Amino acid sequence: MVEPATVPKGTQPEGARTQEEASQKVREMFTRIAPRYDLLNHLLSAQMDRYWRARTAKELEPVLQRPDAVVLDLCCGTGDLAFALCRDSKARILGADFSHTMLTRARQKAISINGISPMVFLEADALCLPFANDSFDLVTSAFGFRNLANYEEGLKEILRVLKPAGAIAILEFAEPRPGVLGDVYRFYTRTLLPKIGGWISGDSAAYAYLPKSVARFFRPDEFVSLLEHVGYRQVRVNLMTLGSVALHLAIRP
């Protein structure tokens, strides 16, 4: 069991001294990089980010095929996971993020992809969601959870808005274990990725933050323990792409 004092409390951007400052710095960072965010996601992952989201949607099909299901994609950014979930889905899907600029792009993409937006995108803080208890059958998050200023409080807030027997699915980067492939991954993410991302986006600090936030985040087994500590059950992990990405799945009792 992971005890709260032994794990990172939340993201820690450079210069942030409090939870509020960390949250503000993350919001400002995503506001700056929003114009090139999608391009760099696809480029820096060699298009693998599309596969990770599609595989997540496939895993969640039992919920997505229910006409009565309501789904929240949290830290939705420009909406890519929400769109992946929406394909062939019968559920109602909402997206939420605290970056107004990212949400603006999500709404624009929804119109261009579908002609008319099939879902609602709301501006909301993951640590203080504007939803009643027991609101959702599924809450998802792709590559955004590790940017929260308080991980345990984020999991508790998701637990609050989930219905009993509702599911959580968190897709996040993970550090591969030591070895040749892990060393290659770390060289790419810590050396090449910040340079490429900084050059294209014009924001070197944002893409230096990315590998640091991944290295500081939980290993999959640690995150499983934290989910169980908060109160989730039936926790499991699906590793992808040599262990560099982890899909964490759990149920609210």
Going through the stretch 199-245 in order, the residues found to be in a helix (DSSP H, G or I) and acidic (Asp, Glu) are ASP221, GLU222, GLU228
Quick check, is ARG107 at pLDDT 95 or above and farther than 30 Å from GLY15 by Cβ? no
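Here is a yes/no grid of residues against (1) assigned to a loop (DSSP other than H, G, I, E, B); (2) touching a helix residue (DSSP H, G or I) at 6+ places or on another chain (Cβ under 7 Å); (3) of a type in the set (Val, Ile, Thr); (4) crowded, with 18+ Cβ neighbours inside 10 Å:
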{"position": "LYS25", "(1), (2), (3), (4)": "no, no, no, yes"}
{"position": "ASP49", "(1), (2), (3), (4)": "no, yes, no, yes"}
{"position": "PRO62", "(1), (2), (3), (4)": "no, no, no, no"}
{"position": "ASP68", "(1), (2), (3), (4)": "yes, no, no, no"}
Quick one: which strands (runs of 3 or more DSSP E) sit completely within the stretch 92-198 and have at least 1 residues that are touching a Cys at 6+ places or on another chain (Cβ under 8 Å), buried (at least 20 other Cβ atoms within 10 Å of the Cβ) and without any contact (Cβ under 8 Å) to a residue 40 or more places away in the chain? 92-97
Can you say whether LEU81 is closer than 25 Å to ARG146 by Cα, modelled with pLDDT of 95 or more and assigned to a helix (DSSP H, G or I), as far as the supplied structure shows? yes
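The values are calculated or read from the model by the stated rules, or taken from the named source; none is laboratory data. All values derive from a computational prediction rather than experimental measurement. Because the Cβ atoms are built from the backbone with ideal geometry, glycine has one as well, and the counts that use them run over all protein chains shown.
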